[in-house]
2 protein chains.
Amino acid sequence: MSRIIMKFGGTSVADLKRIKIVAERVKNEVDLGNEVAVVVSAMAGTTDQLVKWVENASPNGASPNSASKDHDKEYDSVVAAGEQITSGLLALTLQNMGVEARSWLGWQVCFKTDGLHSSARIENIDTAKMDAALKAGTVCVMAGFQGVSEEGRITTLGRGGSDTSAVALAAALEADRCDIYTDVEGVYTTDPRIVPAAQKLEKITYEEMLEMASLGAKVLQTRSVAMAMNHKVRVQVLSSFTNKPGTMVVDEDEIVENKVVSGIAYANNEARLTITGVENTPGVASNVFSLLAEGNINVDMIIQNRSLDGKETDITFTVPELDLDKAQKILEEAEHISFRDLFTNKNVVKISVIGVGMRSHAGVAANMFKTLADKGINIQVISTSEIKISVLVDSAYTELAVRSLHTAFGLDAVE
Amino acid sequence: MSRIIMKFGGTSVADLKRIKIVAERVKNEVDLGNEVAVVVSAMAGTTDQLVKWVENASPNGASPNSASKDHDKEYDSVVAAGEQITSGLLALTLQNMGVEARSWLGWQVCFKTDGLHSSARIENIDTAKMDAALKAGTVCVMAGFQGVSEEGRITTLGRGGSDTSAVALAAALEADRCDIYTDVEGVYTTDPRIVPAAQKLEKITYEEMLEMASLGAKVLQTRSVAMAMNHKVRVQVLSSFTNKPGTMVVDEDEIVENKVVSGIAYANNEARLTITGVENTPGVASNVFSLLAEGNINVDMIIQNRSLDGKETDITFTVPELDLDKAQKILEEAEHISFRDLFTNKNVVKISVIGVGMRSHAGVAANMFKTLADKGINIQVISTSEIKISVLVDSAYTELAVRSLHTAFGLDAVE
């Protein structure tokens, strides 16, 4: 007997017919003798509708990042209704199939979060009651994405937060496995839409998954992977539309032999900024990035060129494409930063090769750069971590770059 | 400065445009220096949608009267989401107009109810926090219709329960007035669609309103009127679409001189059953009505004819039209009740004249029966209380009966 958390996203519970299919999957696990807790998102489209209503009701404070805490508290209370509905409907569907089930809302499990409404962080989960219910054989259907603050108001964990709810619940309930059902069959060596020879990975390490998630392979929410890693939660990513096993996200020591490179990721939602003629003295770069941080802009890749004369320098960096205009405005209006020109470019893509095996294998960067050079692809910016190398290239080369690297690192499926 | 509860039903908050209008009404009361708590229903249509989902998810236990408590707990959790959404949206709209506001859910105010899910009764309201918020000048927007059980599950008060939420909140917060906004301008002497000369009443007593409400004048939920009477809450019924004063529902001593008859009500959602050839011994009628009560069927008017031979009798009574088939089935399948024939008739209407003045005036019944006789309307069943006389007649005579009685009791407006 195992204790399993199953998480279903918005498309998996989009209507009553799909909820029925989900209920059957849950019943299968119950019939196998497992204790099952389920975490559900809102029906696909519901959250968008609720967010739209909130924005229309409150055009002055529409952004979830609004300074107005009062606004965000109401935002959370309205939007959390979506998961409340699906959790009840799934519990009912299960009951109707003869499976003991009940729904749980964030405040009912004491899913305690901080007070950072609309993007709250989980602090503590009091699972005593749910634990008892599971032991008594009841399927516990938890409304994902939501918690409760110290003050007793409903909080939400930010978009995609149901993955995090599931992993947090798995950690708190000491579950044997956390199955994240989604619309893909698992984690692939790269996007199968670009590389038909992409292979589903049987296992991937937390670290690799973390890089994959944050680099644009939209399978799991980054926060949930970090949480799984910290609490050693065994996560499985699998499809809610097929019955195939998915990809297990596990600790490195569970993987007997690592490939050097596990996957190729790409992210085309970044934009590049370059400022030229910046004074080359200590503190200038710090000024630039402090200002952007104050503006809540996440800077990703950074490169600073040493200038020939030693007096001036160029700084190039990337920001989320959505924040490009804001970043440009901040720099142009900054009084204590002077530069000659500011260039921007949205037609860029970040391509990354990822693999924990890199730690013990030299030559990955060389192989990557040579592969791209052979195809005539110019590298604009490079950034590296222990287990990944990312390059920024012209977005026109996205497919070519991903395919070439996939082949070069031996990831293509053998027919 | 007064403390006012304002309640808005589903049509008043049907969309964001109407919610804006509601917010403006609320702001007006705030600008007058009043402390304001608002109770809202779900957007018109939302509750129906949610109930439909619940029924489809759980065809085996669809009825809110289902024996399955588990089902009803989920029903409540799903359906309560509707009011959760409107309370947040109205709070946001108010904030956006510069009015301090926050939403409150049933469990956040400790709107404690019993565990009778889907038709729970309020036991206790812990208003300390809301009281403090009102004193601090915050508009409190309460999600109507919902509470929380001892067990910590969401409960609902039954359809139309938001009226009851509002009156209960008014009592607990010791409000000076509870304004129930609806789609009519107040309580009329009768249905203006039938009698154009019907007049809006400036005041009506709780007792009269109670009869009006339970007899089919669908203005206020019966339970809410009973609660207002018990707690002496001054209730005003008024339109959310005009700015006219409505009808005050008050204690009898606030009304200087009572008219003998205040209004004529009719209810065409009843059906008549007659069983003939019933053994005329003690306990037979009791058997019949015990069985129906066990089947959760509300019997309204009852008449028992003495038979000529003293051995057999006929019993005639009315039940809600919706329960007619069920009632018939119960009687036909009952083993210890024997009768010769069972007749049913859905084409009946109950017409009532209501007025606290009746207590001190004789002749109301005589006047009523003569008026109907003069028009050739046959009375099938009669029932009376201290302040009302009801008759059951063929539904074809509805308009004629109501109009004639309205004129006969001097209720027509003088042009």
For this session: Take the alpha carbon atoms of region A:163-242, find their center, do the same for region B:166-189, and report the distance between the two centers in whole angstrom.
Result: 53 Å
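In region A:3-182, what % of DSSP beta bridges are antiparallel (nearest 5)? Intermediate values should be presented prior to the final figure.
On the way: 6 of 26 bridges.
Restricted to region A:3-182, the bridges split so that about 25 percent are antiparallel.
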For this session: Considering only A:Glu207, A:Glu252, A:Glu294, give the residue with the highest GNM mean-square fluctuation for chain A, with springs between Cα atoms whenever their separation is below 10 Å.
Result: A:Glu294
For this session: Could you compute the FRET efficiency for B:Ala373 and A:Asp176, with r as their C-beta to C-beta distance and R0 at 60 Å, rounded to 0.05?
Result: 0.15
Problem set entry | Per-residue mean of C-beta atoms belonging to partner chains within 10 Å, peptide B:97-108 | 3
For this session: For peptide A:46-58, compute the average count of partner chain beta-carbon atoms within 10 Å of each residue's beta-carbon.
Result: 4
Exercise. Please report, for the Cα atoms of the protein assembly as shown, the Rg to one decimal and the Dmax as a whole number; what are they, in angstrom?
Worked result: 34.2, 126
Problem set entry | Dipole of chain B, positive end: most advanced residue of B:Met227, B:Ala42, B:Leu324 [Cβ charges, Cα centre] | B:Ala42
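Given R₀ = 51 Å, what would the calculated FRET efficiency be for A:Ala128 paired with A:Ile194, taking r from the Cβ atoms and rounding to 0.05? Before the final figure, lay out each step's value.
Details: r = 47 Å, r/R0 = 0.93.
Given R0 = 51 Å and the Cβ-Cβ separation, E is 0.60.
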Problem set entry | 5 angstrom amide H check on A:Thr156, placed H, neighbours 5+ away | A:Ser118, A:Ser119, A:Ala120, A:Gly147
Exercise. Considering only the other residues whose Cβ falls under 15 Å of the Cβ of A:Gln49, what net charge follows from Lys and Arg at +1 and Asp and Glu at -1?
Worked result: -3
For this session: Give the chain A residue with the shortest beta-carbon distance to the rotation axis relating chain A to chain B, plus that distance as a whole number of Å.
Result: A:Ala81, 2
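Within 10 Å of each residue's Cβ, count the other Cβ atoms and sort B:Ser338, B:Ser352 from fewest upward. Don't jump to the answer; show the numbers that get you there.
Working: B:Ser338 11, B:Ser352 25.
Fewest to most other Cβ atoms nearby, the residues stand as B:Ser338, B:Ser352.
Need one number for region A:3-182: average projected area of the convex hull over its C-alpha atoms, nm².
Working: hull surface 36.7 nm².
About 9.2 nm², averaged over all directions.
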Exercise. If you bin the C-alpha pair distances of region B:247-358 every 10 Å from 0, what whole percents do you get?
Worked result: 12, 37, 24, 17, 9, 1
Exercise. So what's region A:131-274 giving for Cα Rg divided by 2.2 N^0.38 Å, two decimals?
Worked result: 1.14
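Just round it to a whole percent: the fraction of Cα-Cα distances in chain B exceeding 28 Å.
Values: 46794 of 85905 pairs.
The share of Cα pairs beyond 28 Å in chain B comes to 54 percent.
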For this session: Quick one: which residues, 5+ away or cross-chain, put their amide H under 5 Å from the amide H of B:Glu100? H built at 1.01 Å from N.
Result: B:Val139
Problem set entry | Relative contact order [Cα under 8 Å, 6+ residues apart], chain B, whole percent | 13 percent
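Using unit Cβ charges (K, R positive; D, E negative) and no other charged atoms, how large, in debye to the nearest 20, is the dipole of region A:188-309 about its Cα centre? Please list the in-between numbers first.
Details: 11 positive and 15 negative charges, 105 e Å.
Charge dipole of region A:188-309: 500 debye, to the nearest 20.
From Cα pairs below 8 angstrom and at least 6 apart in sequence, can you work out the relative contact order of region B:149-266, rounded to a whole percent? Present the calculation step by step, with values, prior to reporting the outcome.
Working: 194 pairs, mean separation 39.4, N = 118.
Once divided by the residue count of region B:149-266, the mean separation gives 33 percent.
Ranked by Cβ crowding within 10 angstrom, fewest neighbours first, how are B:Leu32, B:Leu292, B:Leu400 ordered? Before the final figure, lay out the partial values.
Values: B:Leu32 11, B:Leu292 21, B:Leu400 15.
Neighbour counts put them in this order, fewest first: B:Leu32, B:Leu400, B:Leu292.
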For this session: Evaluate the distance, in nm, between pseudo-label points positioned 7 Å from the Cα of B:Asn298 and of B:Ser338 along their respective Cα→Cβ axes.
Result: 3.5 nm
Exercise. Got a sec to turn the phi values of region A:150-156 into Karplus ³J(HN,Hα) couplings, 6.51 cos²θ - 1.76 cosθ + 1.60 with θ = phi - 60°, whole Hz, x for Gly and Pro?
Worked result: 3, 6, x, 9, 5, 10, 10
Seminar exercise, completed: With the 8 Å Cα cutoff and a minimum separation of six or more residues, region A:3-182 has a relative contact order in percent of 29 percent
For this session: Would you order B:Trp104, A:Trp53 from fewest to most other beta-carbon atoms within 10 Å of each residue's own beta-carbon?
Result: A:Trp53, B:Trp104
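What net charge is computed for the residues neighbouring A:Ser385, neighbours being all others with C-beta under 10 Å from the C-beta of A:Ser385, Lys and Arg scored +1, Asp and Glu -1? Can you show the working numbers first?
On the way: positive: A:Lys388; negative: A:Glu207, A:Glu211, A:Glu386.
After counting each charged neighbour, the total is -2.
Values in this text are rule-based calculations from the coordinates and carry no lab data. Just so we're clear, the structure is a prediction, and the values are computed from it rather than from any experiment. A quick note on method: Cβ atoms are made from the backbone with ideal geometry, for glycine too, and the neighbour counts reach across all protein chains shown.
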